[in-house]
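Following: one structure in structure tokens, then a few remarks.
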Amino acid sequence: MAENKRKIGEKYERRAGEYLSGKGYEVLEYNFRCRTGEIDLIARDGEYIVFCEVKYRSDEKKGHPAEAVDLKKQKSISRCALYYLTSHGLTDAACRFDVVSFEGDTVTLYADAFDYIGG
């Protein structure tokens with residue numbers, strides 16, 4: 001029986017956390033949820049609070065995984081990130097938005113993948 005999407009997602013989020021830790025990031029939270037959405041992974045990279053979206057594809061039939069982080073998803077992540085920063089008293093912190101994509105066995109980090117989108 002195939003794993004359900006949530007379990008697969010959690011597996012790749014953990015793998016992304018391990019990958020980022022190996023690059024010197026400090027993972028702060030997995031699956032941060034608020035009314036405005038969800039962020040797969042929140043980490044610290046030096047002075048930055050990093051909000052990270054994790055995407056997986058077993059092949060390219062549905063396109064490259066990073067392409068799935070469209071404008072709508074970026075807005076949702078941005079709103080959720082603002083809530084996180086505000087609720088944790090970090091409104092003056094430098095932050096950025098990264099994407100970690102898994103395509104088969106290939107892992108790619110897109111640091112600073114998109115800018116904050118208000119609204």
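The values are calculated or read from the model by the stated rules, or taken from the named source; none is laboratory data. Quick caveat, the model's predicted, so the values are computed rather than measured. Note that each Cβ is placed from the backbone with ideal geometry, even for glycine, and that neighbours are counted across all protein chains shown. Accessible surface is based on the protein model in full, side chains and every heavy atom, while ligands, DNA and RNA are left aside. Shrake-Rupley method; radii C 1.70, N 1.55, O 1.52, S 1.80 Å.
Computed from Cα atoms, the angle from the helix 5-22 axis to the main principal axis of the chain rounds to 60 degrees. In degrees between 0 and 90, to the nearest 10, how far off the longest principal axis of the chain does helix 71-87 point, with axes built from Cα atoms? Computed tilt is about 40 degrees.
Its Cα centre serving as origin, the chain has a Cβ charge dipole (Lys and Arg +1, Asp and Glu -1) of approximately 540 debye.
Heavy-atom surface analysis with a 1.4 Å probe gives the chain a carbon and sulfur content of 47 percent of its accessible area. Backbone phi angles across the range 92-98, fed through the Karplus curve with coefficients 6.51, -1.76 and 1.60 (θ = phi - 60°), yield HN-Hα couplings of 8, 6, 6, 9, 8, 10, 10 Hz in residue order; Gly and Pro are listed as x. Tell me the Kirkwood radius of the chain: reciprocal of the mean inverse pair distance over distinct alpha-carbon atoms, in Å. Hydrodynamic radius (Kirkwood, Cα only) of the chain equals 14.5 Å. Per residue, the chain exposes 59 Å² of accessible surface when a 1.4 Å probe is rolled over the protein heavy atoms with every protein chain present.
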